[in-house]
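Engineer: Have a look at the structure that comes next, please.
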Amino acid sequence: MSSHSSNDKLIYMANQIGTFFKAQDTATAPEKIAEHIKKFWDPRMRQAIIAYIDAGGGAGLDPAARQAVETLRPR
Amino acid sequence: MSFVQELDYGTPKSKAAKSVTLTIDGKQVAVPEGTSIMRAAMDAGTEIPKLCATDMLEAFGSCRLCLVEIEGRGGTPASCTTPVADGMVVRTRSERLDRIRKGVMELYASDHAVTSLDRNAGENKYVALLAMADAVGLDDVRYGFDGQRHPNAGIDDSNPYFVFDPAKCIVCSRCVRACEEVQGTFALTISGRGFESIVSAGMNESFLESECVSCGACVQACPTGSLIEKSVLAAQAVDKPADHSVVTTCAYCGVGCSFKAELHGEEVVRMLPYKDGKANHGHSCVKGRFAWGYANHRDRILKPMMRDKTTDPWREVSWQEAIARVGAEFKRLQDTYGKGSIGGITSSRCTDEETFLVQKLVRGGFGNNNVDTCARVCHSPTGYGLSNTFGTSAGTQDFDSVEHADVVVLIGANPTDAHPVFASRMKKRLRQGAKLIVIDPRAIDLVRTPHVAAAYHLPLLPGTNVAMLTALAHVIVTEALVNEAFVRERCEIDAFEDWKAFVSEPKNSPEAVAKTTGVPAELIRKAARLYATGGNGAIYYGLGVSEHSQGSTAVMCIANLAMATGNIGRPGVGVNPLRGQNNVQGSCDMGSFPHELSGYRHVATDAVRESFEKDWGVRLDKEPGLRIPNMLDAAVDGTFKGIYIQGEDILQSDPDTKHVSAGLAAMECVVVQDLFLNETARYAHVFLPGSTFLEKDGTFINAERRIQLVRKVMEPKNGYQDWQITCMIAEAMGYPMRYDHPSEIMDEIARLTPTFSGVSFKLLEEVGSVQWPCNEKAPLGTPVMHIGSFVRGKGRFLITEYVATDEKVGPRFPLLLTTGRILSQYNVGAQTRRTDNVVWHAEDRLEIHPHDAEVRGVKDGDWVKLASRAGETTLRALITERVAPGVVYTTFHHPDTQANVVTTDFSDWATNCPEYKVTAVQISPSNGPTSWQETYEEFSRESRRIASVVAAE
């Protein structure tokens, strides 16, 4: 996975996190994914993935992960 | 100045509960049943003369010097082999005993190469035998000093660190027994009989050619000076013998051995393992015992250096100038690019106090949470996995616990190479009959080594840990081997039921995963049954578990297995991560991770953050900062511009070297603090010379959560201890942190960290060491955790769905590369490559199965190109059946090999811990170094130029 762009990496990471929490319980997965990202990702990484969704709709992002990212928007 | 004195009780301590009372020389003494008369006498204050006995070894009874008389028994039994009995009356002195001892001693003295009985003449100082001659009152040798002796094959000085002089050997067998009982290598034996008998290494080989692992146990055991450290002889030759000793803690691996540093003034003469050290109980390995010469190596940099561009040569500058530059640059970067544009990396090689200060500098002085540590790339999944299942980010046991284990499960760890002193203790238990299950792609030494053989070796394919561990759980659940009582009492039942249903699914059966893992189903079933039913089951694991895309999941699998079988919360069981570096545990405990403060408390928790804000007088950021890989990504993206790296070589040790280089190259101010111009320093603008563990005060925390003192035995050659350098930077950043001594830093840690609230240097001085949690509830620490209940309350089972890594083999890259360590070298090799340890391992080799080698036309010793999707390098092949077909293995100790050029940037889903252990590769014959290696070599020379005529001494 060398030389991937940062967005590719963030999507990959979000999907990886999604895979784990979906295996625990699909119903709670988006919430748990969001919690994990909030807990471990620096704000600029969170902003970048939100911006990625805003720019192009979030291709490549697993639905649960995408749903999680949506909840990370600053209110 | 004096020597730390240690009493030798002659025979090991008895662990019996029952007490026995006897009379020795008219004095009553009560000792545990099973104690030898020799040891009981020592307890009563009487030292019986001895030569073949020492309390590190079982009694042997060969020297006949320790004879005593027992009322009602005939003859003169040896006190070392005779156990005490109730009402026994012992005499240790009589005219008869004195006469016999003197006669025996006289024969020994005539056999030894000494030419006088003068204890203080030259090397005679190191001949314990002469002290005994004195003790038994021998003042003359009637047979002369040049009578017939044991055969003398000549001095063996093949080992770089010690010599064996057969002329001084009296064949007491202490060395042979130390090699067997303490080290467990069985490299030594007595060959020949009677007067012809002689100590022999291997099959009459030199020490270096034999299986000897140079742990030093034989040298330590030798009472005659026949086996002696070369450094001792060298010091003696220049009339600078050791004049005092100081107890300190080894700075190599996570075992954390205690040593007595013996010094002449400020020069180390030797390092001797300390018997009261609770991690090592007087044993050592070749690294801690002998490989300390790097501290004085000519490559060590002792003056600060700077340069404007990394293509410029280095320029030596004053500390003042260097620190001012760091402060000015970091402030400039923050002004230009924002508060979050700089960060720091704490070192797992440095002390707790130093680590704590670096994260304090980042959080308090930089005003962000961009701090991480090398644990990111090794055991961060351990922290995540165990805190989510048990509630705390650490191993559950002390090392002594292994003495009570009945089944040892070893997963992705190779302790005889990477944690040798603990491995010796494990081997001792295995020789006593405990069973061993090894889960590892490679046939590590413990699979079959003298007097130890694994009951089962599960040689799984790299990257399939989660499938394997879940299959073990499947067997335990479906064959009704779960410890229901434990689970019902101690764990969350709903989570358990979910887990039970999950692991029971047919896709998780051994039969279903046999193909994925490459291990026959029956073998998996047998191993699971043994762990679940064999008595106390203890799991020990290493980086072969954590350094995967599913590293955190695998740690959870392990926790699940321990809970399901009730193997938690008492001696002999548990989940034991074998930590890599000396202070990985400590650096994690000290709040080195970007998301958490000391004691594993998230920065977003208001109460926790506020307690630090109050103490430090500064506002702290409540958002998590960047982790190491994120810092590098952000650097490439242009938002991260400056870094302070204390004692870590991320360019060599982190995966995907090209990506790391790109990140470092994109930064405007890289500050490296280290002993040597390491690989990372080629991208540095400021180099701050660091100090060694011998030059500082502080504490390290080992793999068993044991906090131990590191004591300064010499002034820092670079002028400052590392924590002082961090303080200077803080000052330059306008955030002064002032301490007179590291003990004050520990007081601050204790004040702010509930699990450390009872810890102080004073306590450590008094009791030697403690294992955290150490607080009001556990004033002397906690050897075994989760007794009665888990730290989080109820243990939590988690679902561990196996997901194959995306690093897959295919036609272009058909083999799987995994990596590891070797005994004589240590990690990136910065220390060990600068010692004589290179005689054992001068280069990294690629282990490859004969079948894979043959189809590629590769012969043993050939240069091969190792290529992956990330990069390529060359090294020489080592053909061996230790690795299965399809798997290749190498170490990563040498920068010219740069194994991490080929590793990828896949990482653990939860923690971003890199997937070092799985890389799809291809091997092909090669003529020599790749163009990458050549360019790198050239760059290496260029980037290390120092402008001043005289290089730093």
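The values are calculated or read from the model by the stated rules, or taken from the named source; none is laboratory data. Given the structure is predicted, the values throughout are model-derived calculations rather than measurements. Cβ atoms come from the backbone with ideal geometry, glycine included; neighbour counts cover every protein chain shown. SASA here: full protein model, heavy atoms, side chains in, ligands and nucleic acids out. Shrake-Rupley method; radii C 1.70, N 1.55, O 1.52, S 1.80 Å.
Engineer: Between the chain alone and the structure with every protein chain in place, find the residues of region B:898-914 that drop at least 30 Å² of accessible area; heavy atoms, 1.4 Å probe.
Structural biologist: Going by heavy-atom accessible area, the residues of region B:898-914 that drop by at least 30 Å² are B:ASP905, B:PHE906, B:TRP909.
Engineer: Counting only protein heavy atoms and using a 1.4 Å probe, what share of the accessible area of region B:181-330 belongs to carbon plus sulfur, as a whole percent?
Structural biologist: Roughly 53 percent of what the probe reaches on region B:181-330 is carbon or sulfur.
Engineer: Note the angle between two axes, namely the Cα long axis of helix B:606-616 and the longest principal axis of the Cα atoms of chain B, as a number of degrees from 0 to 90, rounded to the nearest 10.
Structural biologist: With both axes taken from Cα atoms, the answer is about 70 degrees.
Engineer: Skipping prolines and chain starts, which residues have an amide H placed within reach, meaning under 5 Å, of the one on B:SER907, given they are 5 or more residues away or on another chain?
Structural biologist: Those lying under 5 Å, H to H, from B:SER907 are B:GLU915.
Engineer: Rounded to the nearest 5, what is the percent of antiparallel bridges among the DSSP beta bridges in chain B?
Structural biologist: Percentage antiparallel, nearest 5: 60.
Engineer: Between the alpha-carbon centers of region B:126-156 and region B:499-553, tell me the distance in whole angstrom.
Structural biologist: Using only Cα atoms to place each centre, the spacing works out to 58 Å.
Engineer: While we're here: Can you tell me the 0 to 90 degree angle between the C-alpha axis of helix B:722-732 and the longest principal axis of chain B, rounded to 10?
Structural biologist: 30
Engineer: How would you classify region A:6-70 from its alpha-carbon gyration tensor, with a ≥ b ≥ c the square roots of the eigenvalues: rounded for a/c under 1.5, else prolate if a/b is greater than b/c, otherwise oblate?
Structural biologist: Prolate shape, in that a/c is at least 1.5 and a/b is the bigger ratio.
Engineer: Can you give me the angle between helix A:6-24 and the longest principal axis of chain A, using Cα atoms only, in degrees from 0 to 90, rounded to the nearest 10?
Structural biologist: 10
Engineer: Using each residue's phi in region B:550-567, evaluate 6.51 cos²θ - 1.76 cosθ + 1.60 at θ = phi - 60° and report the 3J(HN,Hα) Karplus result to the nearest Hz, with x for Gly and Pro.
Structural biologist: Coupling constants for region B:550-567: 10, x, 5, 5, 5, 4, 5, 4, 5, 4, 4, 4, 5, 5, 4, 9, x, 8 Hz.
Engineer: Give the distance, in whole Å, between the Cα centre of region B:406-440 and the Cα centre of region B:807-855.
Structural biologist: 22
Engineer: Calculate the spin-label point distance for B:HIS404 paired with B:LYS15, positioning each point 7 Å from the Cα along the beta-carbon direction, and give it in nanometres.
Structural biologist: 0.9
Engineer: Go through region B:70-84 residue by residue and turn each phi into a ³J(HN,Hα) via Karplus (6.51, -1.76, 1.60, θ = phi - 60°); whole Hz please, and just put x for glycine and proline.
Structural biologist: 10, 4, x, 10, x, x, 10, x, 6, 6, 6, 9, 9, x, 6
Engineer: Please work out the Cα center distance from region B:861-921 to region B:318-395, rounded to the nearest Å.
Structural biologist: One Cα centre to the other: 29 Å.
Engineer: Using the Cα gyration tensor of region B:815-943, with a ≥ b ≥ c the square roots of its eigenvalues, what is the shape: rounded (a/c below 1.5), prolate (a/b larger than b/c) or oblate (neither)?
Structural biologist: rounded
Engineer: Right, next: Only bridges whose two residues both fall in region B:380-577 count here: according to DSSP, what percent of them are antiparallel, nearest 5?
Structural biologist: The answer is about 10 percent antiparallel.
Engineer: Which loop-located GluC sites (Glu not before Pro) does region B:460-541 contain, where loop means any DSSP state but H, G, I, E or B and the Cβ has at most 16 other Cβ atoms within 10 Å?
Structural biologist: Sparse-neighbourhood loop GluC sites (Glu not before Pro): B:GLU479.
Engineer: Could you pull out the GluC sites (Glu not before Pro) across region B:816-916 that fall in loop regions by DSSP (anything but H, G, I, E, B) with no more than 12 other Cβ atoms inside 10 Å?
Structural biologist: B:GLU843, B:GLU881
Engineer: Can you compute the charge dipole magnitude of region B:398-554 about its Cα centre, using +1 on each Lys and Arg Cβ and -1 on each Asp and Glu Cβ, nothing else charged? Give it in debye, rounded to the nearest 20.
Structural biologist: With only Lys, Arg, Asp and Glu charged at Cβ, the dipole is about 660 debye.
Engineer: Another question, then. Given the -39500 (n - 2.57) contribution per DSSP H run of 4+ residues, what per-residue ellipticity at 222 nm results for the protein assembly as shown, rounded to the nearest 500 deg cm²/dmol?
Structural biologist: Using -39500 (n - 2.57) per qualifying helix, the result is -9000 deg cm²/dmol.
Engineer: Using a 7 Å offset from the Cα along the Cα-to-Cβ direction at both B:GLU266 and B:ILE190, what is the distance between the two label points in nm, to one decimal?
Structural biologist: 4.7
Engineer: HN-Hα J couplings of region B:770-775 from phi, Karplus 6.51/-1.76/1.60, θ = phi - 60°, integer Hz, Gly and Pro as x?
Structural biologist: Along region B:770-775, the couplings run 9, 9, 6, x, 10, 8 Hz.
Engineer: Right, another one. Mind checking which aspartates and glutamates have their Cα closer than 15 Å to the Cα of B:LYS309? Skip sequence neighbours fewer than 8 apart in that chain.
Structural biologist: Within the straight-line cut-off, B:LYS309 pairs with B:GLU329, B:GLU668, B:GLU942.
Engineer: Rounded, prolate or oblate: which one fits region B:380-577, using the alpha carbon gyration tensor with axes a ≥ b ≥ c (rounded when a/c is under 1.5, else prolate when a/b beats b/c, else oblate)?
Structural biologist: Note, shape of region B:380-577 comes out rounded.
Engineer: Positive end of the charge dipole of the protein assembly as shown (Lys, Arg +1 and Asp, Glu -1 on Cβ, about the Cα centre): tell me which of B:ALA665, B:PHE390, B:ALA235 has its Cα farthest that way.
Structural biologist: With unit charges placed on the Cβ atoms, the residue in question is B:PHE390.
Engineer: Calculate how many DSSP beta bridges within the protein assembly as shown are antiparallel, expressed in % of all such bridges and rounded to the nearest 5.
Structural biologist: 60
Engineer: Give me the net charge for the shell around B:THR396: Cβ to Cβ below 12 angstrom, other residues only, Lys and Arg +1, Asp and Glu -1.
Structural biologist: Taking every Cβ under 12 Å from that of B:THR396, the sum is 0.
Engineer: Based on Cβ point charges of +1 for Lys and Arg and -1 for Asp and Glu, what charge dipole magnitude is obtained for region B:744-787 about its Cα centre, in debye rounded to the nearest 20?
Structural biologist: 180
Engineer: Here is a further query. Can you give the net charge of the other residues whose Cβ lies under 13 Å from the Cβ of B:ASP649, counting K and R as +1 and D and E as -1?
Structural biologist: Combined, the nearby Lys, Arg, Asp and Glu give -1.
Engineer: Note down the magnitude of the dipole of region B:806-858 about its Cα centre, charges +1 on Lys and Arg C-beta and -1 on Asp and Glu C-beta and zero elsewhere, to the nearest 20 debye.
Structural biologist: 140
Engineer: Hey, can you find the accessible area per residue of region B:753-870 for me, probe 1.4 Å, expressed in square angstrom?
Structural biologist: 43
Engineer: Scan region B:772-838 for GluC sites (Glu not before Pro) in coil per DSSP, keeping those whose Cβ has at most 12 other Cβ atoms within 10 Å, and list them by number.
Structural biologist: B:GLU776
Engineer: Report, to two decimal places, the Cα Rg of the protein assembly as shown normalised by 2.2 N^0.38 Å (N = number of residues).
Structural biologist: The reported ratio for this selection is 0.96.
Engineer: Follow-up. For the pairs B:LYS50/B:LYS762; B:LYS287/B:LYS917; B:LYS427/B:LYS712; B:LYS427/B:LYS717; B:LYS15/B:LYS427, note any where the Cα-Cα span goes beyond 28 Å.
Structural biologist: In this structure, B:LYS50/B:LYS762; B:LYS427/B:LYS712; B:LYS427/B:LYS717 lie more than 28 Å apart at Cα.
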